[in-house]
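What follows is one structure encoded as structure tokens, with my remarks underneath.
FYI, it's all coordinate maths here, none of it is from the lab. Just so it is clear, the model here is predicted, and its values are computed rather than measured. Every residue, glycine as well, gets a Cβ built from its backbone with ideal geometry; the counts of neighbours run over all protein chains shown.
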């Protein structure tokens with residue numbers, strides 16, 4: 001019976017489309033396809049390049065507001081709106097926020113929010129309900145999930161990945177141990193600060209915390225498959241650089257091994273670490289930001305937005321791997 005219900009829900013939710021959880025696209029840096037606006041602090045504030053998904057469970061988002069929250073309206077009035085940047089600039093998703101606190105470094109605060117509501121406009125309400133039912137059944141079938149997402153968190157994840165998220169390779173070295181692995185939960189916070197999140201249960205997170213410094217390399221769209229191969233490194237304490245499927249070169253400031261094909265390398269020092277639940281948030285100060293080449297970035301989006309994107313005939317879309325971060 002469960003199989004029949006699941007199959008019926010999938011047909012209702014997806015129709016004839018094979019709606020994957022994630023899709024890959026190639027975009028310029030920075031992407032100019034989707035904008036993210038914060039509402040509730042006076043005039044709408046463009047935070048497209050100033051926010052980060054900080055944790056999956058409980059779903060938490062970080063936004064660099066530089067003290068604006070203290071001077072603004074009640075946190076209950078805050079929401080993020082994901083919109084087309086060009087054309088008719090239609091609303092793609094609306095996410096309500098609830099103030100959760102902040103992470104502070106020496107100079108820059110990062111405001112944290114939980115999700116209180118989420119509306120995805122890329123699907124009709126009927127189809128979105130059916131898609132939620134399908135995802136619920138899938139979660140029930142997974143008896144031992146590494147990360148359990150609530151229905152609201154699952155919907156919020158789909159909304160946040162309407163905004164294309166670049167994939168970067170993290171290089172980390174500590175004493176005689178080193179690693180390199182891909183992540184997609186990261187973002188600039190402003191004023192030379194950066195934040196990224198790692199699965200708290202994986203071995204990569206403690207290594208990064210001990211090291212206190214990392215190098216993040218953006219990846220050309222043409223090298224996406226090479227980056228995917230390193231997803232398994234999240235489970236390892238260290239790897240041998242000679243075993244990597246590509247050539248490396250030392251980074252400019254820290255001397256960490258980075259891919260020779262890296263488009264942009266950000267080297268940073270970690271100033272604050274906050275365990276939020278399923279993920280650990282690393283709040284970092286930028287040391288060096290080196291642009292090495294101009295090419296299309298390896299980015300990912302959610303399949304719901306991917307299906308909508310295909311219907312508008314935007315090119316460079318194809319199925320992608322399940323996220324390792």
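Our Cα-only numbers for segment 52-192 put the radius of gyration and Dmax at 17.4, 55 Å. Each residue of the chain gets 132 Å³ once the volume of the Cα convex hull is shared out per residue. Taking 0.36 nm per residue of sequence separation and removing the Cα-Cα distance, the residue 147/residue 86 pair yields an extension gain of 18.4 nm. For segment 259-302, the ratio of Cα radius of gyration to the globular rule of thumb 2.2 N^0.38 Å stands at 1.51. Highest GNM mean-square fluctuation, the chain, Cα pairs closer than 10 Å: which of 238, 293, 251? It is 293. Dividing the mean sequence gap of close Cα pairs (under 8 Å, 6+ apart) by how many residues the chain holds gives a relative contact order of 24 percent.
If you plug the beta carbon distance of residue 106 and residue 177 into 1/(1 + (r/R0)^6) with R0 = 22 Å, you get a FRET efficiency near 0.20.
Per residue of the chain, the DSSP helices (runs of n ≥ 4 H) give a summed -39500 (n - 2.57) that works out to -6000 deg cm²/dmol at 222 nm. In plain terms, the chain from residue 246 to residue 296 could stretch by 16.1 nm, reckoned as 0.36 nm per residue minus the Cα-Cα distance. Hull volume per residue, based on the alpha-carbon atoms of segment 76-148 and their convex hull, is 162 Å³. Shown is the FRET efficiency for residue 236 and residue 119, computed with R0 = 25 Å from the Cβ-Cβ distance and rounded to the nearest 0.05: 0.05. Which parts of segment 243-265 would a label at residue 229 reach, counting a residue when its backbone N lies under 19 Å from a point 7 Å out along Cα-to-Cβ? Backbone N within reach: 243-250, 257-263.
Overall size of segment 127-275 from C-alpha positions, given as principal axis extents largest first: 50, 34, 33 Å.
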